[in-house]
Amino acid sequence: MDWSGEIAFIEGGVVFRGRAADNRPHRHATVQLTLGLDGPVTITEVTRGTPDRAVCGVALLVRPNVEHALLPGPRIMLALLAPETRIAQELLHHHRGAGGVALLAADITARIQATG
């Protein structure tokens, strides 16, 4: 299965909207925001090359430089944001100590969904 969808470049990042396919564990310097458009998504946090824990939800945050893998599933909206952007800073601030992959708080998820 291949990734299929559309991509848009925004100030301080890039956004993908479509169907996610299989991917290998990786890490990047950006903050990753992943929203399930058809239901929950699952991201596995990887420690020393081994899947460590899976986090499942409608809206997930991946901190910069955390090794992870997004499991194939429903359509998603995935944003890769430069850590110095205001939105990335706000997301990181509200999810301090929540682990490398975190479920977004319900109030933040609701605000994101309301903006479509």
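The values are calculated or read from the model by the stated rules, or taken from the named source; none is laboratory data. This is a predicted model, so every value here is computed, not measured. Each accessible area value is taken on the protein alone, full model and side chains, heavy atoms only, with ligands, DNA and RNA left out. Shrake-Rupley method; radii C 1.70, N 1.55, O 1.52, S 1.80 Å.
Accessible surface computed residue by residue for the chain, with neighbouring protein chains in place and a 1.4 Å probe, gives 56 Å² per residue.
Element breakdown for the stretch 32-106 at a 1.4 angstrom probe: carbon and sulfur atoms account for 55% of the accessible area. Across the protein chains, with a 1.4 Å probe defining accessible surface, the residues His93, His68 rank His93, His68 from largest area downward.
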